[in-house]
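Below is one structure, written out as structure tokens; comments come after it.
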Amino acid sequence: MEIFGVLVPTKEKIVSTLTDVATGKGGLPLYISIFGMLIGFAAIASIFIQGHGHTINTSNNIPWGLQITTYIYFVLISTGCTFVNFFGYVFFPQQYKPFASRVIFLGIMTAAAAFFSLATEMGRIDRMYNFLLSPNPKSPMFWMSVWYTAYFVMIVLEYINIQTNKHSNKVMWGAFFVAVITHSTLGSLLGAVSSRAYYYSALLPIYFLFIAFLTGCALTAIVAALTVKQLKLDANFHLEPFFKFLKIGLGLAFLLGFWRSAIGLAGHVDGSEVFSLTLMNNIVFGLGIAVVVPYVMLTLSRNASWLAFTGLFIMVTQLKTRNDLVVGGFKVPLFRVYDMPETITYMPSMHEFLVLVASVSLVSVLYILCEKAGLFEIANSKEAH
């Protein structure tokens, strides 16, 4: 069945899928995701009803917490999916082709999950119309809104092209360049905060792009590994691009992570001691466990299950490193008044953890349902893209 030229599952297939879910045949991952989404939505409702002061552990000292981390984490994954789609078609067109619709679909869903998390942190989202009434072109936040709109349109167009078997190099290149501009602008939003030594750096926009590539590769590697097993494809042939992409992403993450820490340690501005305070964590976890260990893991085996496990390991460790980055900027207070501690600590509340759970579960539920409904197989059976 087609809707405006886009291949979609038939009504009978959709009904059959929903019936399977309702009768307990959806599979454990789906039901876990649905449960996570329900408790996450309940926590979000509690945040809006009770207010941030009663549910969130952020404060004037640490205004950004796990909700902002979740937003940055998912929006970078979305960018990474766009990068994987671009490099997959440029360098590995035959190996990558079976995963194209899945990768771009995940790019769209993770972008939606990112803004979903951001909305829970913003408070009165019903007043966002004021942003349109009083734009500020001097602010990176303004340009983020402009480029995010363009980015979302481009990846939706790319998905439609895949599903309608109408490949457009212009759309693919456009999505790639808009993704670079959009998410380097996000990096500049933090990198331009001169009062926070942990953020302030011209490296941060580039760092965000490299981390986006790495985390996008990790998620798509999991999906590619599961798809290879499901469709009984040649694992050695079709998974080769993802092994290469992950190794390149890990290498770039190590390079930028090392130089960011090294330059920070050499700094003598107010607040630069935060790099010394976080040095061991950045070396042991940020570079060692989150980068070196998964690189070694990729050399141990080349089967699909191991690739999926390595991708999951990267996603979990990179979530922590994103939180370390976001929260680390506030570790050293700007004003050293008599009752201010030397360093500030932060632990997310249960509500904040459940916002993360809701965002992860939302992406998982939508992907699993579309997979079970046959959306991606329909596109691939037509040799989309």
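Summary of computed values
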{"quantity": "Residue list for the stretch 1-26, filter: surrounded by 14 or more Cβ atoms within 10 Å (Cβ to Cβ) and at pLDDT 65 or above", "calculated": "V8, P9, K13, I14, S16, T17, L18, D20, V21, G26"}
{"quantity": "The stretch 8-43, residues that are within 13 Å of G374 (Cβ to Cβ), among the β-branched types (V, I, T) and not in a helix (DSSP H, G or I)", "calculated": "V8, T10"}
{"quantity": "Residue match in the stretch 56-68 (condition: at pLDDT 90 or above, in contact with a helix residue (DSSP H, G or I) (Cβ under 7 Å, 6 or more places away or on another chain), in a helix (DSSP H, G or I) and within 20 Å of E371 (Cβ to Cβ))", "calculated": "no"}
{"quantity": "Looking only at the stretch 168-195, and only at residues there that are of a type outside the set (A, V, I, L, M) and out of contact with any helix residue (DSSP H, G or I) (no Cβ under 6 Å at 6 or more places or on another chain), the one that is nearest to A111 (Cα to Cα)", "calculated": "F177"}
{"quantity": "All helices (runs of 4 or more DSSP H) inside the stretch 240-331 with 3 or more residues being under 23 Å from the mean Cα position of the chain (by Cα)", "calculated": "240-265, 293-300, 304-328"}
{"quantity": "Long-range neighbours under 8 Å by Cβ, at least six apart or interchain, first residue on the phi > 0 side of the Ramachandran plot within the stretch 254-274, second surrounded by fewer than 15 Cβ atoms within 10 Å (Cβ to Cβ) and of a type in the set (A, V, I, L, M, F, W, C)", "calculated": "G271/L334"}
{"quantity": "Members of the stretch 175-229 that are part of a helix (DSSP H, G or I), of a type in the set (S, T, Y) and more than 17 Å from C81 (Cβ to Cβ)", "calculated": "T185, S188, Y207"}
{"quantity": "Matching residues in the stretch 81-128 - criterion: being part of a loop (DSSP other than H, G, I, E, B) and surrounded by 19 or more Cβ atoms within 10 Å (Cβ to Cβ)", "calculated": "none"}
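The values are calculated or read from the model by the stated rules, or taken from the named source; none is laboratory data. Everything quoted here is computed from the prediction, not taken from an experiment. No Cβ is skipped: glycine too gets one built from the backbone with ideal geometry, and neighbour counts run over all protein chains shown.
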